[in-house]
1. Can you give the percent of C-alpha pairs in the stretch 98-197 whose distance is more than 20 Å?
2. Sort largest first and round to whole Å: the equivalent ellipsoid semi-axes of the stretch 208-351, each the square root of five times a Cα gyration tensor eigenvalue.
3. With a ≥ b ≥ c taken as the square roots of the eigenvalues of the C-alpha gyration tensor of the stretch 41-148, please select rounded if a/c is under 1.5 and otherwise prolate if a/b is larger than b/c or oblate if it is not?
4. As a quick test, which of the pairs Lys42/Lys348; Lys43/Lys256; Lys42/Lys256; Lys212/Lys256 have an alpha carbon distance above 25 angstrom in this structure?
5. So how many Å³ per residue does the convex hull of the Cα atoms of the stretch 121-180 work out to?
6. Mind listing the phi-derived Karplus ³J(HN,Hα) values for the stretch 169-179, rounded to whole Hz, using 6.51, -1.76 and 1.60 with θ = phi - 60°, and x for any glycine or proline?
7. For Ser313, list long-range residues whose amide hydrogen, built 1.01 Å from N in the peptide plane, is under 5 Å from its own amide hydrogen.
8. For the stretch 207-265, how big is the tail of P(r) above 16 Å, as a whole percent of Cα pairs?
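The values are calculated or read from the model by the stated rules, or taken from the named source; none is laboratory data. The model shown is predicted, which means the values in this text are computed figures rather than measured ones. Cβ: placed from backbone, ideal geometry, glycine included. Neighbour counts: every protein chain shown. Accessible surface areas use protein heavy atoms only, side chains included; no ligands, DNA or RNA. Shrake-Rupley method; radii C 1.70, N 1.55, O 1.52, S 1.80 Å.
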Amino acid sequence: MEQQQDVRFVDPVAIERAVNTALVSLDLPTAGAYTRRGIDIKKSWREALFRIFASKKVEVNRLNQSLLDLLMLLHGHPGAPAATVPVNCPKENCKSRGIPVRAGGGECPACGETLYPTDVLRIHEEVAEEGTNEGALGRLMSVLELLVLVGLVTLLWTQSRADLLRSTLFIVDGPLAVHGPPAKLRARALEYYQAMCSSTPGVGPFLCGLEKTGALVDYARQLARHDVIREGDLLICDADVIKVVCNTDNPKSYGKETYWGRKFVYRALDGRVVVATIPPAAGPAYDENGGQSGPDNYPTIPAILDVIDRTGSSMYRDGIIPVAAAHGRAAFPIGVGTDVLRLVAKQKLGLEPDGTPKAGPQI
């Protein structure tokens, strides 16, 4: 990709050859759909999530682990998965909390409800009988992104800790945060990352999240528009900045329940404005006292900013090549994508191309 900087026009073939992608595909019931008779949609989601996590694998090079393996790993330590995860009984009126559940599942000691290790995510709490359940799907997507990140970073930490790990930057499309019911994974993610930092020679691992939208992105673009921040400037988002952006009376508590990295605004050497979330090598990024706003506790910042400078993309505003390439593989084009989804839906529902039912018994 660096060679493309020396030519007048980017060679799409060269970019294509430099990109290797893999998708995690899954299906879950929405409104009015259930996995089997006699259960509601919340239990349908619980059972479906356990099935998906146990069967879907992340297979990259020598990494061949299921999502469930990665969930147990995140609750343990690098190279040492947890034997159990703490689950709150999801049955109504049962007050049992923190029940240790193994990867194969368990049972509530108080009411006998079947428990799954994926119940620790509590995503089913946002599932409703009516509605699209897009919110719950969004929570699940953020969890999957985190688990894939954990798997890939752990792979290099295990196999090439002193070499490839220290020369690779992992980028998440969006902030390093976990919102909603699964938010407790935030603390697990930071603890896991810092455990790798303490056992990696030199600086690393290198990872960050990049935001394209949001209040801080809008604020940063206005600062750049008026040249308040210039090319090469890094804006430290301390309590004063957070108070202005979020219009809050308690800026010191911002992010302490959801973010496992700290937000920084960087104006790249070519003028692009990037909001990057970077985890600290030790201690919390945010806490009730404001966290660590200065760059001293974020030794990976120089390398991350260097990569941002060298991988700019004009495919979208303030873009970088890795995120643009990922979007190209994961997103459906509006026109063609709509047609494809319509055809798939008709086939699944047993309809003819014109929308009429096919002959014969229908399910």
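1. Tail fraction, whole percent: 52.
2. Numbers: eigenvalues 227, 80, 46 Å².
Equivalent ellipsoid of the stretch 208-351: 34, 20, 15 Å, largest first.
3. oblate
4. Details: Lys42/Lys348 23 Å; Lys43/Lys256 31 Å; Lys42/Lys256 29 Å; Lys212/Lys256 21 Å.
Exceeds cut-off: Lys43/Lys256; Lys42/Lys256.
5. 82
6. Values, residue by residue: 10, 9, 10, 9, 6, x, x, 7, 8, 10, 9 Hz.
7. Those qualifying (amide H under 5 Å, at least 5 residues apart or on another chain) are Gly319, Ile320, Ile321.
8. On the way: 811 of 1711 pairs.
Counting every Cα pair in the stretch 207-265, those more than 16 Å apart make up 47 percent.
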